[in-house]
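The values are calculated or read from the model by the stated rules, or taken from the named source; none is laboratory data. In this text, all values refer to a predicted model and were calculated from it rather than measured experimentally. Quick reminder, even Gly has a Cβ in these numbers, built from the backbone with ideal geometry, and neighbours come from all protein chains shown.
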Amino acid sequence: MTALLEVEDLRVAYGKIEAVKGISFKVDAGEVVTLIGTNGAGKTTTLRTLSGLLKPVGGQIRFGGKSLKKVPAHQIVSLGLAHSPEGRHIFPRMTIEDNLRLGAFLRSDRPGIDRDIQRAYDLFPILGERRKQAAGTLSGGEQQMLAMGRALMSQPKLLMLDEPSMGLSPIMMQKIMATIAELKSQGTTILLVEQNAQAALSLADHGHVMEVGNIVLSGSGQDLLHDESVRKAYLGED
Ligand code: ATP
């Protein structure tokens, strides 16, 4: 079976600085795969490249067996790849519901859109309670929920989440991680970028550790969670 996403020897540069130096990994349908690593390792650059926002200088990206090399960013969403970016990028003056509707901008099936908005409210009840309020009135964690809900509105085959736990309280972080687990149980395929290695590896099928543009270690979430070097470097153990 071909993987849903195949990344092969991917290289991405900002001018002369190579931020991603030839990484390879794959994501099978139904899996949660996580990229972990410290600041500047190249995780965000990888996701932005998969979304078509950055052009690689080398390597291959195949999604559903098809090369994304010549596909422009706006068409990548229509192929089924959705990105919930770092820092969220919600529209603060628009209502919560309108922010969700924006995520469905490529769809015209009104009943389906309404059903998926309801699904977002089932997943995150706070969004439903406050649907008519400006999104800027939400807390950081609630805005993260909105960004995830909006990404889901495009009915993605692959949902990419960039640091969904960033800046959240421990309780809010647990809630977001529980939601990711719930999405997985519903069959959503997820590529998760996280600095919180413990949380990400606990729910991931596979994980890859990135350091300065390279994948230095790969394994099942559980194996990496118990790997001594990972525990020392990323889980704060001596
Ligand atoms: P973070 O958690 O901080 O987002 P990351 O693993 O996602 O870290 P990237 O944001 O992908 O890392 O950054 C990888 C490298 O590329 C870093 O050295 C960073 O300074 C550099 N970089 C990122 N964006 C740019 C840019 N727009 N121009 C130049 N260099 C950049």
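List of remarks:
- Sub-8 Å Cβ pairs linking a first residue in region 154-165 that is over 13 Å from Ser78 (Cα atoms) to a second residue that is assigned to a loop (DSSP other than H, G, I, E, B) and within 12 Å of the ligand (Cβ to nearest atom), at least 6 apart or interchain, are Asp162/Pro85; Asp162/Glu86; Glu163/Glu86; Glu163/Gln195; Ser165/Gln195; Ser165/Asn196, ordered by first then second residue.
- Flag for Ala82 being crowded, with 16+ Cβ neighbours inside 10 Å, within 16 Å of the ligand (Cβ to nearest atom) and closer than 30 Å to Glu8 by Cα: no
- Boolean, Arg150 is touching a residue at least 40 places away in the same chain (Cβ under 8 Å) and outside the structural domain of Ile176 (by the TED database): yes
- Selection from region 58-71 of residues that are assigned to a loop (DSSP other than H, G, I, E, B), at negative phi and modelled with pLDDT of 90 or more: Leu68, Val71
To keep it simple, each residue is scored yes or no on (1) assigned by the TED database to the domain that holds Glu163; (2) within 14 Å of the ligand (Cβ to nearest atom); (3) surrounded by 21 or more Cβ atoms within 10 Å (Cβ to Cβ).
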residue	(1), (2), (3)
Ala29	yes, no, no
Gly37	yes, yes, yes
Ala41	yes, yes, yes
Val57	yes, yes, no
Lys66	yes, no, no
Ile76	yes, no, no
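- Scanning region 185-202 for residues that are over 19 Å from Gly42 (Cα atoms) and of a type in the set (A, V, I, L, M) yields a total of 1.
- Residue satisfying all of: in region 122-136; assigned to a helix (DSSP H, G or I) and in contact (Cβ under 8 Å) with a residue 12 or more places away in the chain; nearest to the chain's Cα centre (by Cα) among these: Leu123
- Restricted to region 43-55, and to residues there that are within 12 Å of the ligand (Cβ to nearest atom) and charged (D, E, K, R), the residue that is surrounded by the most Cβ atoms within 10 Å (Cβ to Cβ) is Lys43.
- The helices (runs of 4 or more DSSP H) located wholly in region 167-233 that include 1 or more residues which are touching a Pro at 6+ places or on another chain (Cβ under 7 Å) and under 23 Å from Leu50 (Cβ atoms) occupy 170-185.
- Of residues in region 1-20 being over 19 Å from Gly207 (Cβ atoms), of a type outside the set (Val, Ile, Thr) and surrounded by 15 or more Cβ atoms within 10 Å (Cβ to Cβ), the one farthest from the ligand (Cβ to nearest atom): Arg11
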